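Take a look at the structure set out below.
The values are calculated or read from the model by the stated rules, or taken from the named source; none is laboratory data. What you see is a predicted model, and the numbers here were worked out from it, not measured in a lab. When we count neighbours, we look across all protein chains shown, and the Cβ atoms used for this are built from the backbone with ideal geometry, even at glycine. Only protein heavy atoms, including side chains, enter the accessible area calculation; ligands, DNA and RNA are left aside. Shrake-Rupley method; radii C 1.70, N 1.55, O 1.52, S 1.80 Å.
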Amino acid sequence: MCHQTVSLTARYLEENGIPTVLIANARDIVEYCGVARLLFVDYPLGNPCGRPFEVEEQRRIFDMALDLLANATEPRSTVVAPQTWPGGDDWKRLIFSEEQPFLDENAHNNWINAKQHYKKLKKEGKV
């Protein structure tokens, strides 16, 4: 599922009395959707719970999510996991380029507008 769908589902569950924590890689998208609790893991997309087959790392991340569920005191709480991708940050260059070569012009403009809107909301303290 995409980050937006999961985020909006979490909001619906929260509104109906079921507490949630999202473990996610796309912080800007998830915070923009306004989830109650987010554990942000700065890993490549598809690896929010840790690297494949790294059970101890995955367990630490899951324990952090449970701690966030138990201890969050404010709405829209975000915790940043301390883990770093072992290969460094080079993977970000492939995803977060200004060119966004996989987007057509209209999609690129929508992406830029959404990014600017998110920055504005963040500056105003709304995300």
Quiz item: Tell me, in nm to one decimal, what length is gained between Lys123 and Asp63 on full extension, where the rule is 0.36 nm per residue of separation less the Cα-Cα distance?
Solution: 18.5 nm
Quiz item: Ranked by accessible surface with a 1.4 Å probe, highest first, in what order do Tyr43, Tyr32, Tyr12, Tyr118 come?
Solution: Tyr12, Tyr32, Tyr118, Tyr43
Quiz prompt | Computed over the chain: relative contact order in percent, which uses C-alpha pairs under 8 Å that are six or more apart | solution = 22
Quiz item: Ignoring ligands, DNA and RNA, what percent of the accessible area of segment 1-94 is carbon or sulfur (1.4 Å)?
Solution: 56
Quiz item: Quick one: what do you get for segment 20-122 if you divide its Cα Rg by 2.2 N^0.38 Å?
Solution: 1.19
Quiz item: What aspartates and glutamates could a cross-link reach from Lys123, if we take a straight Cα to Cα line under 15 Å and drop same-chain neighbours fewer than 8 places away?
Solution: Asp28, Glu31
Quiz item: So between Lys92 and Asp104, what do we pick up on full extension, going 0.36 nm a residue minus the alpha carbon distance?
Solution: 2.3 nm
Exercise. Quick one: give the max-minus-min coordinate of the C-alpha atoms of segment 1-60 along each principal axis, largest first, in Å.
Key: 34, 21, 16
Quiz item: Given the options Phe40, Phe62, Phe53, which has the most mean-square fluctuation in a GNM of the chain, springs set between C-alpha atoms less than 10 angstrom apart?
Solution: Phe53
Quiz item: According to a simple spin-label model (label point 7 Å from Cα along Cα-to-Cβ), what is the distance in nm between Thr73 and Ile18?
Solution: 2.9
